[in-house]
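A short worksheet on the structure shown next.
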Amino acid sequence: MKALEWLGDSLRILDQTKLPATIVYRDASSYEEVADAIEKMQVRGAPAIGAAAAYGYALGAMKYEGIRAGLQDYMTEVKERLAKTRPTAVNLFWALCRMEDRLRELYEVEDLNEIQKALITEAENIAEDDRKVNHLIGEQGNAIVPEEANILTHCNAGALATVEFGTALGVIRSAHREGKKIHVYADETRPFLQGARLTTFELMKDKIPVTLIADNMAGFLMQQDKIDLVIVGADRIAANGDTANKIGTYSVAVLAHAHGIPFYVAAPTSTVDLKVPTGQEIPIEERNPMEMREVFGVPTAPAEVPVYNPAFDVTPAKYITGIITEKGIITPPYSVNLLKMMVRS
């Protein structure tokens, strides 16, 4: 199954809010519908959000019916709408800027149809790049996985969070394909249960051994020597290596540090944001309080209880053993080595 599929005049989105119970697709034929799907987390995961936004931008151009002179202002509105959907995932802004740059390159082109085709091609290139990058991340990360290992992961950083293969789960898939004897412990990932619903679903389909645990069990498993390695994804990596990922990741990192367990982040270079010096400057999205008061329509708390629902937290660089990218594995000092890696890129 693909999280995203371009149909020529619309974007087919696998509705991840319905998994694993049912498989439902949504066909988005406008940028507004793509934005809505991102906000509702029907499509989620930083790389997948970036690719979806690129296709949304192209759909915006396809729907434009004005004169050529007004296209730029219109597309600025399209970009701004898509950019408002999820503020933490930097891949969203990276993809939109890449699409906007492509439009600027077409400044002297008068034929709207030619412009529209060029933007569709650029969106397809972004999606194809993500496919290739994820496989490379898997190959790079395989080097840090022992021949036998119990691996803990948090949230879902798999094929469903990308265009194909996955980042953290890409590393796990690569190790499994190499014949390594691995077993995955998947945190359920409250409150939206991406680990329980999506990570276990993916791994079971690939016949990779997996056990589901509640988020608050991770420390106990580490205390029992049942975890050898932690691999997670990322939504934004600051210039100093501080990393924003799904809420709960910071707790796992601190626990891993306390127990002397390697903690790795797997992410494409498009997730690195050198414009943000530290994790303190990363904007943290707050989600709808109802995600905490109920689980998919079933009340789990008093209807009027106040809720704090940040979607992400920031893991300080000092707790991160290495950052696995398509260019290689980056190790401390991150403020130096991330910059070197991005310059080489």
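In table form, for the structure just shown:
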item: Contacts under 9 angstrom Cβ, first residue in segment 29-50 being under 13 Å from T162 (Cα atoms), partner open to solvent by 40 Å² or more (accessible area, probe 1.4 Å) and aromatic (F, W, Y), 6 or more apart; result: G50/F93; G50/W94
item: Single unsatisfied condition, G66 versus (1) more than 30 Å from P283 (Cα to Cα); (2) crowded, with 24+ Cβ neighbours inside 10 Å; (3) small (G, A, S); result: (2)
item: Residue check, A186 in a strand (DSSP E or B) and touching a residue at least 24 places away in the same chain (Cβ under 8 Å); result: yes
item: Residue list for segment 24-43, restricted to those being open to solvent by less than 10 Å² (accessible area, probe 1.4 Å) and either among the basic types (K, R) or part of a helix (DSSP H, G or I) (or both); result: V34, A35, A37, I38
item: Selected residue (criterion: surrounded by the fewest Cβ atoms within 10 Å (Cβ to Cβ)) from residues of segment 308-324 that are touching a residue at least 24 places away in the same chain (Cβ under 8 Å) and in a loop (DSSP other than H, G, I, E, B); result: N309
item: Candidate set from segment 1-23 (those that are among the β-branched types (V, I, T) and either out of contact with any strand residue (DSSP E or B) (no Cβ under 8 Å at 6 or more places or on another chain) or open to solvent by 70 Å² or more (accessible area, probe 1.4 Å) (or both)); member that is nearest to G195 (Cα to Cα); result: T17
item: Criterion (open to solvent by 40 Å² or more (accessible area, probe 1.4 Å), without any contact (Cβ under 8 Å) to a residue 24 or more places away in the chain, of a type in the set (D, E, K, R) and under 29 Å from H257 (Cβ atoms)) met by exactly one of K327, K340; result: K340
item: Strands (runs of 3 or more DSSP E) lying entirely in segment 200-299 (those with 2 or more residues that are closer than 23 Å to G179 by Cα); result: 210-213, 229-232, 263-266
item: Test: residue in segment 97-113 that is under 15 Å from the mean Cα position of the chain (by Cα) and closer than 29 Å to G166 by Cβ; result: no
item: Looking only at segment 80-123, and only at residues there that are among the charged types (D, E, K, R), within 15 Å of A54 (Cβ to Cβ) and touching a residue at least 24 places away in the same chain (Cβ under 8 Å), the one that is surrounded by the most Cβ atoms within 10 Å (Cβ to Cβ); result: R86
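So that you can scan it fast, the table gives a plain yes or no per residue for (1) in contact with a Pro (Cβ under 8 Å, 6 or more places away or on another chain); (2) surrounded by 18 or more Cβ atoms within 10 Å (Cβ to Cβ); (3) charged (D, E, K, R):
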{"site": "P209", "(1), (2), (3)": "no, no, no"}
{"site": "K226", "(1), (2), (3)": "no, no, yes"}
{"site": "I247", "(1), (2), (3)": "yes, yes, no"}
{"site": "V265", "(1), (2), (3)": "no, yes, no"}
{"site": "D273", "(1), (2), (3)": "no, yes, yes"}
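The values are calculated or read from the model by the stated rules, or taken from the named source; none is laboratory data. Treat the numbers as computed from the prediction; the structure is a model and nothing was measured. Here Cβ is always computed from backbone atoms with ideal geometry, including for glycine, and neighbour counts include all displayed protein chains. Just so you know, the surface numbers come from the protein's heavy atoms only, side chains and all, with ligands and any DNA or RNA stripped out. Shrake-Rupley method; radii C 1.70, N 1.55, O 1.52, S 1.80 Å.
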